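Visitor: The following block contains the structure, expressed as structure tokens.
The values are calculated or read from the model by the stated rules, or taken from the named source; none is laboratory data. This structure is a prediction, so every number in the text was calculated from the model and none was measured. Please note: Cβ atoms are built from the backbone with ideal geometry, for glycine as well, and neighbour counts cover all protein chains shown. What goes into the accessible areas is simple: the full protein's heavy atoms, side chains included, and nothing from ligands, DNA or RNA. Shrake-Rupley method; radii C 1.70, N 1.55, O 1.52, S 1.80 Å.
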Amino acid sequence: MNDLQFQLDMVRALNQQLNNKEKMYQLVCSTSQNAFLYIDFKKNKLDVLGNWKGFFDFQAEALGDMVKLLDLAEDRDKSELRQVLFPEKSGEENKVMECYFPSLKKWLEFEATVQYEGGAPAEKVLRIRDITKFKKQNEELRYMAYYDVLTGLYNRNYFVRILSEWIREAQDSGEIVAVMCVDIDNFKKINDGLGLVAGDELIQAFGLFLKEFMDERTIIAHVTDDTYYIAVRNPVGSHSIEKLFGKIVQRVNEPFYVMGKHEVSISVCAGVAEFPEAAGNSLELINCSEIVMFRAKEHGPNSMKYFEPPIFQDFIDNINIENKLKEAVNMNRFLLYYQPQYDSKSQKLRGVEALIRWQDDSGKMISPGVFIPIAEKNGMIVPIGTWVLEEGIRKYAAWRENYNCDMVLSLNISAIQYKRPDFVSNLLEILEKYRVNPKDIELEITESVLIDDFEQVVSKLRILKEYGIKISLDDFGTGYSSLSYLKGLPIDTLKIDKSFIDTVIQDESTQVITESIVSMVKKLGFETVAEGVETEEQYEYLKKIECDNIQGFLLGKPMPAEEIAGLLKQRSAGV
Ligand code: C2E
Ligand code: MG
Ligand code: MG
């Protein structure tokens, strides 16, 4: 009896232990979010554990129910899933796969593990895991890796990847691959005027329009704010670049609407470079298309330009100069030359114009015509311009003190420099430092200063004039100005451009224009200076028509400061 009692207690205790374990397994399975199928082949029995109900709305009770799973899977995955659900059919121990279930809108991962006894399957566990969230995140990452989020077009990396593949194939097939860089003109103005949100909407709208051209021969990327790249393989017939650009121009001739109601009109420019003519790889091809795009901009709105090799050479030259310029600023490699200006009647020295020179490492003088436009583009003009002001005024102060000369110092000011808010205060500070009277200084500006913001520029000119500083309009006749707009300008001097002087003797119409400039300017009370006077004949003619002052190689080339000092010495000695 005792024995039996003891055995009964033992069985109860074991049962209790088993129950506890079973409960623990149940708990683990039900909280794991996974579903499990347990199949006992010996007993021909199937059990469901865990979160089965969270996935499927049918109960799996018999072995045959596993086929129902197969029916729910996406068609293209069915045959692979069959192998994962039944690995024992091929004698395998473990199999895993991911599979989409359209009716559940879920991605599920299946993992089957089979145990064999004596070569026959004994047990199988199938674990089912919901990986939908993970898949979506992956898809988003994939999207971000390949596409531009704002427009849905390709991003630069993906574009380059496909373009490189196309170029590789074209090397064998002999096909042409064209890259077009399309850029919205004056986008910054739109962005500044309407705000960033409207700017983004415009980029998006234009991007969506371009997307319509995407097909098996055309890929399109959105790269930066207002720049898009289009690559076309075999760009002939319906895929010709001219046709494509024609359609783009046709579209931009119609307005875009942003923020619901604002009508925005845009224009675009495009540069085109083709493999193999322009470049042999994708990055160079893209670069070339971008360079010619900037060239196209010089031809006005809605222009397109094809790459030609000299353009690239120009660009390389520019880069070299740009780097050297930076070095020159740091190493102080600039010099000022001065060119005298004389009163046409009395031949008295009216003043000198400071003209910058750059002496490169080999001692060669580089003309400002070459580097000033580059310095203006990359902002170097600001430190260079400040140096010119200080150096010129410092030299002028020394001449005044040593030779008691009564002349004007003319300084060339670039538009970028002039528009800086601290320009006037810096100039006044330098004048103060060297104790130079502002009335002895003349600033030469060109019409480009006036183009962007006429009102603001004019009010700044007025401030300068209040301090007594003179203003001279340089290169008159080469820009956009007409005589009539001179009336409103607070200037003192007008410099007639060398191009008039060059032809004034031979060409009657130039004579008519030059004479009307001189007489009109006299009426307005400004002084005139003729630039680039090279011959006696030109000088005599200009004196006759009462042009006030003469500057040119005939009377003196631009020269180093010491030569000007020599000249002043002679004059003060009355030679
Ligand atoms: P610009 O202000 O119109 O200067 C007159 C240019 O004509 C100078 O060229 C001068 O050397 C040249 N020139 C004067 N007389 C004659 C002549 O009889 N025959 C010929 N063939 N040329 C003559 P440069 O020194 O090469 O300067 C070119 C331009 O570079 C200047 O034109 C000016 O716009 C700019 N520049 C020069 N120095 C500076 C500077 O310090 N700052 C800025 N922003 N620009 C400067
Ligand atoms: Mg000048
Ligand atoms: Mg000039």
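Visitor: So, in the range 362-407, exactly how many residues are within 16 Å of ligand 3 (Cβ to nearest atom) and of a type in the set (Lys, Arg)?
Guide: Of the residues in the range 362-407, 0 are within 16 Å of ligand 3 (Cβ to nearest atom) and of a type in the set (Lys, Arg).
Visitor: Do we find a residue being of a type outside the set (D, E, K, R), within 12 Å of ligand 1 (Cβ to nearest atom), in a helix (DSSP H, G or I) and within 33 Å of the chain's Cα centre (by Cα) anywhere in the range 398-415?
Guide: There is at least one residue in the range 398-415 that is of a type outside the set (D, E, K, R), within 12 Å of ligand 1 (Cβ to nearest atom), in a helix (DSSP H, G or I) and within 33 Å of the chain's Cα centre (by Cα).
Visitor: Still on this model: Failed condition for residue 68, given (1) in a helix (DSSP H, G or I); (2) surrounded by fewer than 14 Cβ atoms within 10 Å (Cβ to Cβ); (3) at pLDDT 90 or above; (4) not β-branched (Val, Ile, Thr), with all others met?
Guide: For residue 68, the failing item is (3).
Visitor: Can I ask one more? Could you check the range 149-178 and list, in sequence order, the residues that are open to solvent by less than 30 Å² (accessible area, probe 1.4 Å) and assigned to a loop (DSSP other than H, G, I, E, B)?
Guide: Across the range 149-178, the qualifying residues are 151, 152, 153, 155.
Visitor: So, residue 523, is that one among the basic types (Lys, Arg) and more than 21 Å from residue 346 (Cα to Cα) or not?
Guide: Numbers: among the basic types (Lys, Arg): yes; more than 21 Å from residue 346 (Cα to Cα): yes.
So residue 523 fits the description; yes.
Visitor: What pairs come up if the first residue lies in the range 468-492 and is of a type outside the set (Phe, Trp, Tyr), the second is modelled with pLDDT under 70, and their beta carbons are under 6 Å apart, counting only those six or more places apart or on different chains?
Guide: Pairs found: none.
Visitor: How do the strands (runs of 3 or more DSSP E) wholly within the range 276-362 filter down when requiring 1 or more residues that are more than 22 Å from residue 182 (Cβ to Cβ) and in contact with a Ser or Thr (Cβ under 7 Å, 6 or more places away or on another chain): which remain?
Guide: On the way: elements: 304-306, 334-343, 349-359.
Ranges flagged: 349-359.
Visitor: Within the range 129-148, how many residues turn out to be open to solvent by less than 50 Å² (accessible area, probe 1.4 Å) and in contact (Cβ under 8 Å) with a residue 40 or more places away in the chain?
Guide: 1
Visitor: Sort through 410, 448 and tell me the only one that's under 21 Å from residue 527 (Cα atoms), in contact (Cβ under 8 Å) with a residue 60 or more places away in the chain and either within 16 Å of ligand 3 (Cβ to nearest atom) or acidic (Asp, Glu) (or both). Walk me through how you get there before you give the answer.
Guide: Numbers: 448 fails: in contact (Cβ under 8 Å) with a residue 60 or more places away in the chain.
The match here is 410.
Visitor: Quick one: which of 534, 546 is assigned to a loop (DSSP other than H, G, I, E, B), more than 16 Å from ligand 1 (Cβ to nearest atom), modelled with pLDDT of 95 or more and not hydroxyl-bearing (Ser, Thr, Tyr)? Let's see the steps before the verdict.
Guide: Numbers: 534 fails: more than 16 Å from ligand 1 (Cβ to nearest atom).
Matching residue, one of 534, 546: 546.
Visitor: Right, something else. So which of 469, 564 ends up being more than 12 Å from ligand 1 (Cβ to nearest atom), open to solvent by less than 20 Å² (accessible area, probe 1.4 Å) and farther than 24 Å from residue 448 by Cα?
Guide: Numbers: 469 fails: farther than 24 Å from residue 448 by Cα.
Step by step, each of 469, 564 is checked, and only 564 is more than 12 Å from ligand 1 (Cβ to nearest atom), open to solvent by less than 20 Å² (accessible area, probe 1.4 Å) and farther than 24 Å from residue 448 by Cα.
Visitor: Name the residue that is most open to solvent (accessible area, probe 1.4 Å), counting only residues in the range 446-466 that are of a type outside the set (A, V, I, L, M, F, W, C) and within 16 Å of ligand 2 (Cβ to nearest atom).
Guide: From the range 446-466, those of a type outside the set (A, V, I, L, M, F, W, C) are 446-448, 452-453, 455-456, 459-460, 462, 465-466; that's our starting set.
Still in the list and also within 16 Å of ligand 2 (Cβ to nearest atom): 446-448.
Values: 446: 42, 447: 12, 448: 58 Å².
Here the answer is 448.
Visitor: Among the residues of the range 416-438, are any among the basic types (Lys, Arg), surrounded by fewer than 20 Cβ atoms within 10 Å (Cβ to Cβ), more than 16 Å from ligand 2 (Cβ to nearest atom) and at pLDDT 90 or above? Let's see the steps before the verdict.
Guide: Here is the first cut: in the range 416-438, the ones among the basic types (Lys, Arg) are 419-420, 433, 435.
Narrowing the set further to residues that are surrounded by fewer than 20 Cβ atoms within 10 Å (Cβ to Cβ) leaves 419-420, 433, 435.
Filter again for more than 16 Å from ligand 2 (Cβ to nearest atom), leaving 419-420, 433, 435.
This time we only want the ones that are at pLDDT 90 or above, so: 433, 435.
The answer is yes, given that some residue of the range 416-438 is among the basic types (Lys, Arg), surrounded by fewer than 20 Cβ atoms within 10 Å (Cβ to Cβ), more than 16 Å from ligand 2 (Cβ to nearest atom) and at pLDDT 90 or above.
Visitor: Looking at 491, 505, can you tell me which residue is over 17 Å from residue 450 (Cβ atoms), assigned to a loop (DSSP other than H, G, I, E, B), at pLDDT below 95 and within 16 Å of ligand 1 (Cβ to nearest atom)?
Guide: Working: 491 fails: over 17 Å from residue 450 (Cβ atoms).
Result: 505 is the single residue among 491, 505 that is over 17 Å from residue 450 (Cβ atoms), assigned to a loop (DSSP other than H, G, I, E, B), at pLDDT below 95 and within 16 Å of ligand 1 (Cβ to nearest atom).
Visitor: Of the conditions (1) part of a helix (DSSP H, G or I); (2) of a type in the set (Lys, Arg); (3) loosely packed, with under 12 Cβ neighbours inside 10 Å, residue 82 satisfies every one except a single condition; which number is it?
Guide: Against the list (1) part of a helix (DSSP H, G or I); (2) of a type in the set (Lys, Arg); (3) loosely packed, with under 12 Cβ neighbours inside 10 Å, residue 82 comes up short only on (3).
Visitor: Checking residue 112 against (1) in contact with a Pro (Cβ under 7 Å, 6 or more places away or on another chain); (2) among the hydrophobic types (A, V, I, L, M, F, W, C); (3) open to solvent by 30 Å² or more (accessible area, probe 1.4 Å); (4) within 30 Å of residue 80 (Cα to Cα), which test does it fail?
Guide: So residue 112 meets the others, but not (3).
Visitor: Looking only at the range 348-377, which residues are under 30 Å from residue 544 (Cα atoms) and in contact (Cβ under 8 Å) with a residue 24 or more places away in the chain?
Guide: Residues of the range 348-377 that are under 30 Å from residue 544 (Cα atoms), as a first pass: 348-355.
Hits for the range 348-377 are 349, 350, 351, 352, 353, 354, 355.
Visitor: Give the number of residues within the range 476-488 that are at pLDDT 75 or above and either open to solvent by less than 30 Å² (accessible area, probe 1.4 Å) or not in a loop (DSSP other than H, G, I, E, B) (or both).
Guide: Within the range 476-488, the subset at pLDDT 75 or above is 476-477, 486-488.
Remaining after also requiring either open to solvent by less than 30 Å² (accessible area, probe 1.4 Å) or not in a loop (DSSP other than H, G, I, E, B) (or both): 476, 486-488.
Going through the range 476-488 one residue at a time, the tally reaches 4.
Visitor: Considering each residue of the range 322-356, count those that are open to solvent by 40 Å² or more (accessible area, probe 1.4 Å), more than 16 Å from ligand 3 (Cβ to nearest atom) and within 28 Å of residue 374 (Cβ to Cβ), and give that number.
Guide: Restricting attention to the range 322-356, the residues satisfying the condition of being open to solvent by 40 Å² or more (accessible area, probe 1.4 Å) are 322-324, 326-327, 329-333, 335, 337, 343, 345-348.
Then drop every residue that is not more than 16 Å from ligand 3 (Cβ to nearest atom), which leaves 322-324, 326-327, 329-333, 335, 343, 345-348.
In the following step, the residues that additionally are within 28 Å of residue 374 (Cβ to Cβ) were identified as 322-324, 326-327, 329-333, 335.
Counting residues in the range 322-356 that are open to solvent by 40 Å² or more (accessible area, probe 1.4 Å), more than 16 Å from ligand 3 (Cβ to nearest atom) and within 28 Å of residue 374 (Cβ to Cβ) gives 11.
Visitor: Another one. What number of residues in the range 357-378 are open to solvent by less than 60 Å² (accessible area, probe 1.4 Å) and either of a type in the set (D, E, K, R) or under 15 Å from residue 568 (Cα atoms) (or both)?
Guide: Qualifying residue count, the range 357-378: 2.
Residues checked against (1) within 41 Å of the chain's Cα centre (by Cα); (2) in a helix (DSSP H, G or I); (3) assigned by TED's automatic domain parsing to the domain that holds residue 188; (4) among the charged types (D, E, K, R):
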position	(1), (2), (3), (4)
429	yes, yes, no, yes
463	yes, yes, no, no
474	yes, no, no, yes
500	yes, yes, no, no
514	no, yes, no, no
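Visitor: Please give the number of the condition residue 249 fails out of (1) outside any helix (DSSP H, G or I); (2) under 30 Å from residue 276 (Cα atoms).
Guide: Going through the list (1) outside any helix (DSSP H, G or I); (2) under 30 Å from residue 276 (Cα atoms), residue 249 breaks only (1).
Matching residues to (1) over 24 Å from residue 392 (Cα atoms); (2) within 16 Å of ligand 2 (Cβ to nearest atom):
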| position | (1), (2) |
| --- | --- |
| 496 | no, yes |
| 510 | yes, no |
| 513 | yes, no |
| 519 | yes, no |
| 533 | no, yes |
| 538 | yes, no |
| 566 | no, no |
| 574 | yes, no |
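Visitor: Moving to a separate point now. Please determine, by comparing only the residues of the range 252-267 that are assigned to a loop (DSSP other than H, G, I, E, B) and closer than 30 Å to residue 176 by Cβ, which one is most open to solvent (accessible area, probe 1.4 Å).
Guide: Keep residues of the range 252-267 that are assigned to a loop (DSSP other than H, G, I, E, B), which gives 253-255, 259-261, 265-267.
Right, trim to closer than 30 Å to residue 176 by Cβ and you get 253, 266-267.
Numbers: 253: 105, 266: 14, 267: 24 Å².
Only one residue fits best here, namely 253.
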